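The values are calculated or read from the model by the stated rules, or taken from the named source; none is laboratory data. Model, not experiment: these values are computed from the prediction. Cβ sites come from the backbone with ideal geometry, for glycine too, and all protein chains shown count toward neighbours.
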């Protein structure tokens, strides 16, 4: 079975992917990750297998892009840096929100797991499927991430 | 800290919708530049309403009138031509230019490559014969049947013309009934009359 027209697929999934990426990598980098996600999807689109769950497929790609994006650029020092600009002009973000700073300081897998679990309200099974890990690992990532966030926010 | 506070990381739905729409447009442009599109879509304004054109690397595959169901057409293109369908200025530019020229009266003959993957069976012969009917001329269902060696198949010819995926460029509007009546047209008889008027065969409204 062939997948639906890419245009319809993108229309159906763009908001969910963008929403996830804004929380996962921040508004300044969400556009880049969005492009990378849908370009990867487009390259693989002719060979995609599970055409009934393209929403999960693209979110898996987005998770990978979000993890790669932050790999090697998170460190303790991000805590004291000013965050990058929150995008051009009209965006309703408070870039100095301590929650942003705290989330940005988490190791990427913990951050992505926390976002999937508590921003997108996914089950641990779903978090594990999107991140290609076991449920135990997903649970541990969420737990560790939340523990750190609570320390940072207290 | 409560876990629900994390929802603060995402702005409201309207902002997400608008930002992701802009990002999706940028993606289509990038995909166009990178040559990753199987079927490019474009829109051409015309006196018979906006036309949507679908063009693959082989050529023009589909022309849609504005009241046709775009989703149905795109599903068929995805199956028969390829699923990587996006808006594309690059793939559609020759088609858009030639159609503009046709409608402003400066073009009488199209020199576009066609992708015939949506045309099957007897329609292949019928539509090739139709493509040879020149601007300003007309033929009949019966004559066309004779021309493809099936003189008794006027009805089948009519059906094949009705299924023409590339109207205007394959000029099925130039096929009339033997008595001179307009016959049928997938885009509606008003459009058929308008096109024949544009070509000087019928007086313009």
Candidate set from region B:48-65 (those that are within 15 Å of residue B:192 (Cα to Cα) and within 10 Å of the chain's Cα centre (by Cα)); member that is surrounded by the fewest Cβ atoms within 10 Å (Cβ to Cβ) = B:65
ask   = Just wondering, is there one or more residues in region A:54-77 that are over 17 Å from the mean Cα position of the chain (by Cα) and at pLDDT 95 or above?
value = no
ask   = Looking at region A:127-140, which of its residues are buried (at least 16 other Cβ atoms within 10 Å of the Cβ), closer than 21 Å to residue A:17 by Cα and away from chain B (no Cβ under 14 Å)?
value = A:128, A:129, A:130, A:131, A:133, A:138
query = When you scan region B:1-37, how many residues do you find that are in a loop (DSSP other than H, G, I, E, B) and either exposed (fewer than 14 other Cβ atoms within 10 Å of the Cβ) or at pLDDT 95 or above (or both)?
reply = 6
query = Taking region B:22-33, which residues are more than 13 Å from residue B:89 (Cα to Cα) and more than 7 Å from chain A (Cβ to nearest Cβ)?
reply = B:22
query = Do we find a residue being within 14 Å of chain A (Cβ to nearest Cβ), surrounded by fewer than 19 Cβ atoms within 10 Å (Cβ to Cβ), closer than 29 Å to residue A:38 by Cβ and at pLDDT 95 or above anywhere in region B:96-117?
reply = yes
key: Residue that is farthest from the other protein chains (Cβ to nearest Cβ), among those in region A:102-126 that are more than 12 Å from residue A:59 (Cβ to Cβ) and not in a helix (DSSP H, G or I)   = A:107
ask   = Going through region A:18-51 one residue at a time, which ones are more than 7 Å from chain B (Cβ to nearest Cβ), surrounded by 17 or more Cβ atoms within 10 Å (Cβ to Cβ) and part of a helix (DSSP H, G or I)?
value = A:20, A:21, A:24, A:25, A:27, A:28, A:29, A:30, A:33, A:36, A:37, A:41
Total residues in region A:1-17, condition in contact (Cβ under 8 Å) with a residue 12 or more places away in the chain, within 8 Å of chain B (Cβ to nearest Cβ) and surrounded by fewer than 16 Cβ atoms within 10 Å (Cβ to Cβ) = 1
